[in-house]
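The structure appears right after this line, and notes come after that.
The values are calculated or read from the model by the stated rules, or taken from the named source; none is laboratory data. Computed from a predicted structure; not experimentally measured. All Cβ positions, glycine included, derive from the backbone under ideal geometry; neighbour counts span all protein chains shown. With ligands, DNA and RNA removed, areas are computed over all heavy atoms of the protein, side chains included. Shrake-Rupley method; radii C 1.70, N 1.55, O 1.52, S 1.80 Å.
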Amino acid sequence: FPFIVKAQSATEGKAVKDSTQVKSSAVGRTKEEAKELIESLLTRLHSGESFSSLAEMYSDDPGSAKKGGMLPPLKRGQMVPEFEEIVYSLKPGEISDVFETKYGFHFVQLMSRDGETRVARHILLMVK
């Protein structure tokens, strides 16, 4: 999970380290191509395609892609600021627009919230 800035345990720390691997499809992808592709994925999602399937096929975040985009429970201060701002602005079930962080382009769906903890899933497309 490259956009998570603090690991909560040795297991999550390993996930952060492992997530530096990038799908070969991201190699050579321009910023414009990444943005166009992720916008098309969001359109497909709104047209009824499965979030999990799209994440597994396209997300460049290996820590969450194989889990249908699901992230570990998140708290403030763990994410890069842009990601945190979006996650904390959503209502459960709501899907964000496409946004950019230093890791690439994302969209995120808030699954649930419990106090300050958020459970979300996302798709990330990196630029290389």
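Estimated at the nearest 10 Å², the accessible area of Tyr58 is 60 Å² with a 1.4 Å probe. With θ taken as phi - 60° and the Karplus curve 6.51 cos²θ - 1.76 cosθ + 1.60 applied, the whole-hertz 3J(HN,Hα) list for the range 94-106 is 6, 10, 6, 6, 5, 9, 10, 10, 5, 8, x, 9, 10 Hz, x standing for glycine and proline.
For Arg118, Arg113, the ranking by accessible surface with the largest value first comes to Arg113, Arg118, using a 1.4 Å probe. The stretch between Glu82 and Ser52 holds 8.5 nm of extra length on full extension. This uses 0.36 nm per residue minus the Cα-Cα distance. Of Lys91, Lys102, the order by accessible heavy-atom surface (1.4 Å probe, DNA, RNA and ligands excluded), from most exposed downward, is Lys102, Lys91. Using 0.36 nm per residue and subtracting the Cα-Cα separation, the extra length available between Lys128 and Asp114 on full extension is 1.4 nm. Greater than 24 Å separation of Cα atoms is the criterion. Which listed pairs, Lys31/Lys91; Lys75/Lys102; Lys67/Lys91; Lys35/Lys102, meet it? Beyond 24 Å between Cα atoms: Lys31/Lys91.
Label positions at Glu36 and Ile95, each projected 7 Å from the Cα along the C-beta direction, are separated by 2.1 nm.
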